[in-house]
Amino acid sequence: MRSPDFSSPQVVAAPERSGARGLGSRFRPEVQGLRAVAVLLVLVYHLNPELLPGGYVGVDVFFVISGFLITSLLLREVREHDRVSLAGILSVAAVTTAALVRVDGFQASDFDPAVHVGPAAIGLPALEGACMYPSPVGAEDDTPQAVDDGCHAGFAKRDPSDPCVYGPEGADTTVALTGDSHGTQWFPALYGLAGERGWRIAVFNKSACAFTATDVGRDGATYQECSDWNQAVVDELHALDPDLLVTSSSAAGTPDGLEPGPEARDTMAAGMVELWERAAEADTPVLVIRDTPRTTTDVLDCLAANTHDLAACDQPVSSALRLDDPQELAVREVAKAELVDLNDLICAEDTCPAVVGDVVVYRDTHHLTETYARLLADDLGDRMDEALART
């Protein structure tokens, strides 16, 4: 049944109906209401991004709802007139074009080392996002090869006895990489150095499992799989006898039963001292990479919505590095341990940009993209050499 024509003077009120409106309805107040909410989200986001950091998704919601409404109108026209009007075709074209422009606006080109220089341009203003790499659409998949190869242990795994090993068997230098996913994020840089220097790398990283003897918590309980994993890693390291132990872990990890704060930080640090001393033989240096900045919003969504104003997605240093890193405390207590801090190549003075040198820095709220980490290889190598010279 067709809906009544409210422009007709003969119709005073619509008859009451039961059930949902059909696709042929001329007006869908609930859907139009959602579209209004989407517009409101975008307005609030632009007025105060911190109040509603995800508000820019309203643009995509608006497009989806508009597409639904236009499609409904077209279906009604076909049903009633066996044709589609020119106005309907133009409406579809307009919405489709707008959506495609939105996507094309942040599609990155292929990686070009002359353009995508990453940390080499730290401190310089970001340009418009047309050439950024990787694209915000695919940056979440810009993960280290060790992850792609299945070499990063998941939550349930306890046994590290079959680690992934990269590099020649006869290498003069063997490097062991430990820690959680914030340790794995440095694999691209270490892998680049390994190729240049002929190293062999053994990977012992596990999700949310800081390299500490302290029992950490997960989902409100002791993360026993992590404790078992770390104890077993110590045995594996003794058997491997690496020339260098590299470790890095998220500063957000907390001991089981403690809330984030000074006590939790100190407890994590004490466990790190214990485990690092047990893991490293007397002559094995321990290189500790300070934890990297964290963001408070979904950086990739923000970049997609602000291709002409990438600075809108930057984070203040005071927020991005707000967590105290227990590794900084632990490294002072272990004789052969040295700290390497690369955050001055991720943040510039008071700001941690989302894009540096046309390279997207983060693949989520707290992990570097594989591309940005890989471009830090030379800097990591230089600072590593300086640090190891002090041991």
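The values are calculated or read from the model by the stated rules, or taken from the named source; none is laboratory data. Since we're looking at a predicted model, the values are computed, not measured. Don't worry about glycine lacking a Cβ; one is built from the backbone with ideal geometry, like all the others, and counts go over all protein chains shown.
Observations on the model:
- Ala304 vs. criteria free of Cβ contacts under 8 Å to residues at least 40 places away in the same chain and aliphatic (A, V, I, L, M): no
- Of the helices (runs of 4 or more DSSP H) that lie entirely inside segment 283-336, those containing 1 or more residues that are of a type in the set (Asp, Glu) span 299-305, 326-330.
- Residue within segment 197-217 that is in a helix (DSSP H, G or I), assigned by TED's automatic domain parsing to the domain that holds Ala279 and either aliphatic (A, V, I, L, M) or under 26 Å from the mean Cα position of the chain (by Cα) (or both) present: no
- Taking segment 270-282 as the range and being part of a loop (DSSP other than H, G, I, E, B) and of a type in the set (A, V, I, L, M, F, W, C) as the test, the residues that pass are Ala280, Ala282.
- Only one entry of Leu90, Leu127 meets the criterion of being at pLDDT below 95 and in contact with a strand residue (DSSP E or B) (Cβ under 9 Å, 6 or more places away or on another chain), and that entry is Leu127.
- Residue pairs whose Cβ atoms lie under 6 Å apart, separated by 6 or more positions or on different chains, with the first residue in segment 175-194 and closer than 16 Å to Thr365 by Cα and the second part of a helix (DSSP H, G or I), are Thr184/Ala146; Gln185/Ala373.
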